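Have a look at the structure below, then the notes.
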Amino acid sequence: MNYVGLHVHTHYSLMDGVATPQEYINRAVELGMPGIAITDHGTLSGHREMYRIAKEAGIKPILGVEGYMTTDMADKRAKVDRTDPLDQNYHHIVLLAKNQQGLENLNKINEIAWTDGFFSKPRFDFDTLAKYKEGIIVTSACLSGWIAKAVELDELAIAKKHVAWFKEQFGDDYYIEIMPHNSEKVNKGLVELAKSMEVKLVVTPDCHHSDSSQKEIQELMLILNTHAKLQKDITYEKSKKQKDMMARLDYLYGADRQMSFRSFDIHLLSYEEMKEAMAKQGIENDEMFNSTIEIANKIEDYDIKSGLTLLPVQYKNPDQELANLAFAALEEKRLNDNWLGNDVYEQRLDEELHIIREKKFAPYFLVVRNMINWAKKEEIMVGPGRGSSAGSLVCYLLGITDIDPIEHGLLFFRFINPERNDFPDIDTDIQDSRRDEVKDYLVRQYRHVASIATFLQFKDKGVVRDVSRALNIPLSDVNKVLKTVDTWDDFCTSKNSSWFREKYPEVVTYGEQLRGRIRGTGIHAAGVVTSKEPIFKYAPMETRNVTGTDDRIPVVAVDMEEAERIGLIKIDALGLKTLSVLKDTLDIIEQRHGKKIDPLKIDMDDKNVYQMLSDGYTKGVFQCEATPYTNLLVKMGVKNLAELAASNAQIG
């Protein structure tokens, strides 16, 4: 006999889960499990990764969430104002998507939780769950769930009330969950409750790491996450005398610290381990194991889509619209600027449009063009072009860039390689003081717009500092060694850090285990995505706090690569302080001297400018002001734009 792990936290459960989806799948395959769930705290970010890896391994992925449920999303009383343990800001509940409709509803519930329901955590209420219940399987979750907590407090009437509601809403798709690390009292109470209410039991491991080898880094991560306080009069040297790492942490932080997993087995247990653990509490019940298989059998395959065409298309024929705009601009430049008297430009334009048409990239160019045109009309300063997009004549003619690629010998194939399927990447610099206006325009124009999440990892100097802090290694030594290295590889191989590695070998041991795991989330500095349909249908949506404000903005809760894999194409609008300074400078010149300067008409061959840069006067000059670049300019000297561009390439 076997069972399926239905309560599983990956490292997407921030600073709570340790294991990656790949590590869980490896463990599930090792145990012969036919399937495995992913139920991270309040997030669906790991769904696509878990789905892909599970399918490759030949086991069934079960996509879910351990959500935060409240009686009323509008109730935002602080924790200190809530004295009843059954009336908290939120209680845990596990939701599993039974089919494609269930997955879409799970995404919708999650979006509502992060927007309308967010208060400390992304919360949803009974009304929300009832509205989007189709295709959802519910299990009662851990001791932080209503049912287990009510049983623990001997509030059986409240427990029965909640069970009755879930049973009425979900019928046979509602299960009461028990787990080995609950107390015997709670588990036996849940068994009796399930029997009296005629609800099936299901046993889950509630795992936070994949196997027992990760228990120590789980505890280290927990200490970092909870900011555990060191005991008095302890030292690193004395801590080394303890028998093992768990004993060392008890010495450093106290065996009675507020939160610890040391006495729990919260990895993906085997069937035999689960059965033995439950038997120790006097619970021997095949039904609770059979229920895991029953739930897995209810799960239909999901239609996880990739390579979709989700960019908003406002034209019946975007390819023709793009060609019309480009050729009209080409003709206008011929008439107004008295140039382009040969066929080189027309031939180049035909070639570029052909490739763009073959790749179906026209909608992307039109969206970016509309954004930049609007910004310029609103007198928001936009950069002349950055990166490989400056090699595109189409970009130049559409006003996306202000650089003639033929005049400067720039290559289109560095921008779009016909032999690859990568989407083009147009980096647009916007004056940072008005970047939000550009994003607001995109929302008004296309409705379904979101920033892109980033996932911050334990890495490089940071992981050295984290492990050292957890183990109470003297800060003076940590600061000393980190002045000599930049990366993890530097730290592990440099002669400058060898003394530290010899003195504190645990930093290498545990740093290597923590490295690459998620420690936090953020917002992509420039990227936003737009869609012709609600984004939650294809990707999880969350919100993130805007630094320095109480505002929260919508983000697609996958990283840039995953968003592109779905078909959500990133539009880069990077806020640049240099452009804000330039705009303010130009405005002041106009106000004081009545002279309106067009930056695009400034003499690019002014020898005084190049001499100034060569003399090292680079303060406030974008990129040039960095010390390594300034030193290079002084050393080599530059006399024209071509040489300046060459120096930039060397430093980049």
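Computed values, structure above
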read-out: Complete set of residues in segment 349-359 that are farther than 16 Å from Glu419 by Cβ and open to solvent by 10 Å² or more (accessible area, probe 1.4 Å); value: Asp350, Leu353, Arg357
read-out: Candidates Ile426, Ile416, Ile406, Ile430, filtered to the one that is open to solvent by less than 20 Å² (accessible area, probe 1.4 Å), of a type in the set (A, V, I, L, M, F, W, C) and more than 19 Å from Val528 (Cα to Cα); value: Ile416
read-out: Residue identified as under 30 Å from Asp286 (Cβ atoms) and buried (at least 23 other Cβ atoms within 10 Å of the Cβ) among Gly58, Gly17; value: Gly17
read-out: Residue tally, condition part of a loop (DSSP other than H, G, I, E, B) and not β-branched (Val, Ile, Thr), over segment 457-503; value: 8
read-out: Boolean, Phe264 is open to solvent by less than 30 Å² (accessible area, probe 1.4 Å), within 30 Å of Ile38 (Cβ to Cβ) and of a type in the set (Phe, Trp, Tyr); value: no
read-out: Ser580 open to solvent by less than 50 Å² (accessible area, probe 1.4 Å), assigned to a helix (DSSP H, G or I) and touching an Asp or Glu at 6+ places or on another chain (Cβ under 9 Å); value: yes
read-out: Sole exception among (1) at pLDDT below 95; (2) surrounded by 10 or more Cβ atoms within 10 Å (Cβ to Cβ) for Lys619, by number; value: (2)
read-out: Residues of segment 525-548 that turn out to be open to solvent by 50 Å² or more (accessible area, probe 1.4 Å), closer than 26 Å to Val65 by Cα, over 16 Å from the mean Cα position of the chain (by Cα) and not basic (Lys, Arg), as a count; value: 1
read-out: Count - residues of segment 549-562 that are part of a loop (DSSP other than H, G, I, E, B) and open to solvent by less than 30 Å² (accessible area, probe 1.4 Å); value: 2
read-out: Qualifying residue in segment 564-572 (condition: assigned to a loop (DSSP other than H, G, I, E, B) and modelled with pLDDT of 95 or more); value: no
read-out: Close pairs from segment 578-592: first free of Cβ contacts under 8 Å to residues at least 40 places away in the same chain, partner among the polar types (S, T, N, Q) and open to solvent by 40 Å² or more (accessible area, probe 1.4 Å), Cβ under 9 Å, at least 6 apart; value: Asp584/Ser433
read-out: Set Glu512, Glu506: member being open to solvent by 50 Å² or more (accessible area, probe 1.4 Å) and assigned to a helix (DSSP H, G or I); value: Glu512
read-out: Selected residue (criterion: nearest to the chain's Cα centre (by Cα)) from residues of segment 274-284 that are surrounded by 16 or more Cβ atoms within 10 Å (Cβ to Cβ) and in contact (Cβ under 8 Å) with a residue 24 or more places away in the chain; value: Met274
read-out: Yes/no for Arg565 being of a type in the set (Lys, Arg), open to solvent by 50 Å² or more (accessible area, probe 1.4 Å) and over 28 Å from Ile380 (Cα atoms); value: yes
read-out: Residue in segment 436-463 that is modelled with the highest pLDDT, counting only those that are open to solvent by 50 Å² or more (accessible area, probe 1.4 Å) and aliphatic (A, V, I, L, M); value: Leu456
read-out: Residue ID - farthest from Leu6 (Cα to Cα), chosen from residues in segment 22-32 that are without any contact (Cβ under 8 Å) to a residue 40 or more places away in the chain and more than 25 Å from the chain's Cα centre (by Cα); value: Glu30
read-out: Given (1) modelled with pLDDT of 95 or more; (2) more than 17 Å from Pro34 (Cα to Cα); (3) among the hydroxyl-bearing types (Ser, Thr, Tyr), number of the condition Thr204 does not satisfy; value: (2)
read-out: Some residue of segment 375-393 being modelled with pLDDT under 95, touching a Phe, Trp or Tyr at 6+ places or on another chain (Cβ under 8 Å), within 25 Å of Pro540 (Cα to Cα) and open to solvent by 30 Å² or more (accessible area, probe 1.4 Å); value: no
read-out: Segment 285-304: number of residues that are β-branched (Val, Ile, Thr) and either assigned to a helix (DSSP H, G or I) or open to solvent by 50 Å² or more (accessible area, probe 1.4 Å) (or both); value: 3
read-out: Hits in segment 622-638 (condition: exposed (fewer than 13 other Cβ atoms within 10 Å of the Cβ) and assigned to a loop (DSSP other than H, G, I, E, B)); value: Gln623
read-out: Evaluation of Pro312 against (1) in contact (Cβ under 8 Å) with a residue 60 or more places away in the chain; (2) assigned to a helix (DSSP H, G or I) (one fails), failing number; value: (2)
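Yes/no per residue for (1) out of contact with any helix residue (DSSP H, G or I) (no Cβ under 7 Å at 6 or more places or on another chain); (2) within 25 Å of Leu96 (Cα to Cα):
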| residue | (1), (2) |
| --- | --- |
| Val186 | no, yes |
| Leu190 | no, yes |
| Ser196 | yes, yes |
| Lys215 | yes, no |
| Leu220 | no, no |
| Ile234 | no, no |
| Lys241 | yes, no |
| Gly254 | yes, no |
| Gln258 | no, no |
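The values are calculated or read from the model by the stated rules, or taken from the named source; none is laboratory data. No experiment lies behind these values; they were computed from the predicted model shown. Here the Cβ is made from the backbone with ideal geometry for all residues, glycine too, and neighbour counts use every protein chain on show. Surface accessibility is based on the protein's heavy atoms, side chains included, excluding ligands, DNA and RNA. Shrake-Rupley method; radii C 1.70, N 1.55, O 1.52, S 1.80 Å.
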